[in-house]
Amino acid sequence: TATNAIDLKMMRPKALLMALSVPIAGTASFVPPCRTLPSPTLLTRKAMGGPNMMHRADDADSNDFDDDTSETIDCDEAILSQQYNNRRSILSSFAAASALLGLPVSPAWAVKGAAEYDLEYYMRDLFMGNKREGNLPASNAPPPHPPRNLLGQLPPLLLDDELQSCIPIQELAKITNIPITTLSEQVASFRSKVQTAFRATHPWNEELVRDEYYFDLTCYALWRTASVAIPQFNQRDLFLRNIGRRLLSEIMSREMISKKSIETLNNNNNHKALTLTDTVPCIIEILTLFQSANYCTNYRLGDKNEIERTGLTVFDQLDDEEISSPTGGGSVNCLVSVFDPAALGGALQITGEGSRFAPDFVGPTLAAVWERVGGGEGVGTAVSVSFESYFVDPVYRPNPKDFFPNERFYQFTIARK
């Protein structure tokens, strides 16, 4: 009992070893009598409520054993278990000290808890000193892949070399009432200031927006110009949404997707409202359009951990009912991944500068598709669509400063109004 009351962390090493060597009668063969007692660690942490209470101990109230079992544990059993745990902690601490001093250790003391690891850390630091990692520098980024050439009818809608006819510059002029010529000059001026730094990490082959890295640089310059011209957050969101709506409209009018998908999105089947399952082929065609234009190398629709909820089966009838039924939950989530998007570098740079207003074409375009669910067209009269995007590095890197993502990960929420 006297040993249990000692604060082990405040003792000198010699006194600590002496305290740990105090014999405790009957400890080696002590087994608390219990009927339906759960694991001693869970019960003791729950009973003691000490500093070592972990998430598992918190969950023990409702998850680790049921209420009927806990009711069969009386006060005497809890006290015995607490004494058993105190003695086990002392013996385990002695095992840690013995291992440090090179003494033989019994296999019975092999399992250690948080207190034992803490004691071992302090003792090791006291006698031998722990290795100090310090402030590790970031590793060099992997070499960039050769720039892709953007192809087809889609890239000129995203950006053009003169910065006159592309959708982003036109939508920026509409929302700010600034002439397109003035905006183009501002974008070109900003691009010339930062192109040296960009080219050091992602060298382009030609100064044309069909070059992936020059496209990326121009997107960064355009969005930085837009952030100055549009300081209000709600206006920035509107600017991005209008890019997606306009882009979807141009894709449909120029028949870049199948006529069947165009008819579906126009809701020519007036006998019923457009459902989430109706939009899946359209979404896949639009993502394939971005891939075929070399805007990205690949994509994934749905959760990679749920194969039955990917691709054409990402939505089902239950999801349709969530949106259409008055008794439904009213919202459905959908995950989309785009790999190696052409605007990734600019988006990462802006995010690193502390802004969430980053270049994006895929997110707002898919949102524009889902805004038509439920009978609405263009502006989401039946549903509201929100989304967040994240950057994913698929490789585990032990240095927390190393972050080299190649995936833009979207989480969409389609909710009934």
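The values are calculated or read from the model by the stated rules, or taken from the named source; none is laboratory data. All figures in this text were calculated on a predicted structure; none of them were measured in a lab. All Cβ positions, even for glycine, are placed from backbone atoms using ideal geometry, and neighbour counts span all protein chains on display. Protein only, heavy atoms only, side chains kept; ligands, DNA and RNA dropped before computing areas. Shrake-Rupley method; radii C 1.70, N 1.55, O 1.52, S 1.80 Å.
For the stretch 173-193, a residue qualifies if it is in contact with a helix residue (DSSP H, G or I) (Cβ under 7 Å, 6 or more places away or on another chain) and open to solvent by 20 Å² or more (accessible area, probe 1.4 Å), and the qualifying residues are 175, 176, 178, 179, 180, 186, 190, 191.
Of the strands (runs of 3 or more DSSP E) lying entirely inside the stretch 311-417, those containing at least 1 residues that are of a type in the set (D, E, K, R), modelled with pLDDT under 90 and buried (at least 16 other Cβ atoms within 10 Å of the Cβ) span 407-416.
Do you know which of the residues in the stretch 156-172 that are of a type outside the set (Asp, Glu) and open to solvent by 40 Å² or more (accessible area, probe 1.4 Å) is farthest from residue 250 (Cα to Cα)? If we take residues in the stretch 156-172 being of a type outside the set (Asp, Glu) and open to solvent by 40 Å² or more (accessible area, probe 1.4 Å), then 164 is farthest from residue 250 (Cα to Cα).
When you scan the stretch 285-310, how many residues do you find that are at pLDDT below 90 and either in contact with a Pro (Cβ under 9 Å, 6 or more places away or on another chain) or in a helix (DSSP H, G or I) (or both)?
Matching residues across the stretch 285-310 total 3.
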